[in-house]
Each structure stands twice: as C-alpha cells, then as structure tokens.
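The values are calculated or read from the model by the stated rules, or taken from the named source; none is laboratory data. This structure is a prediction, so every number in the text was calculated from the model and none was measured. Every residue, glycine among them, receives a Cβ derived from its backbone with ideal geometry; neighbour counts consider all protein chains shown.
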C-alpha cells in the first residue's frame with residue numbers, strides 16, 4: 001500500500017496534477033482560455049468605446065439633426081400632395097408636369113446625385129451612431145450579469 005501511496009503522492013501531491021499538466025501541453029485549459037477571451041473582449045470593447053463615445057452634443061448639433069430629419073417627410077408629403085392635386089385639379093397638375101418635362105436630363109442626374117449623397121451620408125451617420133450605442137450597451141453587460149447573479153443569490 002505504501003508504494004501505491006508514494007506513486008499517487010508523486011503524481012497528485014503538493015497541489016499538482018501531473019495528468020492535467022501533461023494534457024494541457026496538448027489541449028488548452030478551457031477555463032483559462034475563457035478567462036483570456038473575456039479579458040480580450042473587455043479590452044476590445046474599451047477600445048471601441050474610446051473611438052465611438054463622444055462628448056455631449058450642443059444646441060447647434062441638435063438643431064442640425066432636426067433640419068436633417070425634414071427631407072424624408074417633405075418628400076413623402078410632397079408626393080401625396082401631388083397625387084391629391086392631380087385628382088383635385090387635373091389641368092393645373094398637367095401644366096406643372098409640362099414644366100417638369102422641360103427640365104434638361106443633366107439636371108435630373110444632378111438632382112439624383114445630390115439626393116443619393118444626402119441619404120447615403122445620413123445612413124452612414126446613423127450606422128455609426130448605432131455602433132456607438134451598441135458599444136455602450138456591451139460595456140454594461142458585465143454589470144448586468146453581476147446584478148442578475150446578485151438578485152438570484
């Protein structure tokens with residue numbers, strides 16, 4: 001019995017586990033890998049937070065946001081207005097459409113470019129704001145998880 005005890009003590013004694021240490025040479029320790037992954041994710045989120053989180057916006061920025069929100073409703077309401085005016089007074093509408101028919105094609109192309117760039121730039125700004133909001137939400141995840149575990153306990 002003493003020989004078996006000495007062998008087991010050599011393998012597992014002094015808070016060692018030779019089998020585990022040997023296995024970790026060939027396969028990553030899952031718990032340690034998860035901790036490294038968590039640390040890497042937190043570092044990446046902090047970096048993204050530094051890139052996307054900006055200072056509070058002033059009154060001018062809020063005013064410009066309001067002005068930027070006008071074209072879409074104006075286009076939609078204008079289109080509805082054209083349809084209503086065509087039904088209400090077809091002669092008046094036909095006169096206006098004859099005027100639009102005289103607009104040269106390069107001017108239509110220019111209008112298309114301006115509208116495309118406007119809405120494309122607006123889409124990009126909204127996408128970047130969404131990314132910034134997602135980063136802020138992700139930075140709160142560890143606190144939420146801790147709060148949930150505290151509530152369950």
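Computed values, structure above
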| read-out | value |
| --- | --- |
| Helices (runs of 4 or more DSSP H) within region 58-153 that include 2 or more residues closer than 30 Å to residue 41 by Cβ | 105-152 |
| Residues satisfying the stated conditions in region 46-57, i.e. part of a helix (DSSP H, G or I) and either in contact with a helix residue (DSSP H, G or I) (Cβ under 9 Å, 6 or more places away or on another chain) or at pLDDT below 80 (or both) | 46, 48, 49, 50, 51, 52 |
| Residue in region 31-45 that is touching a residue at least 60 places away in the same chain (Cβ under 8 Å), assigned to a helix (DSSP H, G or I) and within 30 Å of residue 140 (Cβ to Cβ) present | yes |
| Selected residue [within 21 Å of the chain's Cα centre (by Cα) and either within 30 Å of residue 38 (Cβ to Cβ) or surrounded by 11 or more Cβ atoms within 10 Å (Cβ to Cβ) (or both)] from 89, 133 | 133 |
| Residues located in region 21-30, provided they are outside any helix (DSSP H, G or I) and surrounded by 10 or more Cβ atoms within 10 Å (Cβ to Cβ) | 28, 29 |
| Residue under evaluation residue 110, criteria (1) surrounded by 11 or more Cβ atoms within 10 Å (Cβ to Cβ); (2) within 18 Å of the chain's Cα centre (by Cα), criterion not met | (2) |
| All positions within region 120-153 that are under 24 Å from residue 74 (Cα atoms) and touching a residue at least 12 places away in the same chain (Cβ under 8 Å) | 122 |
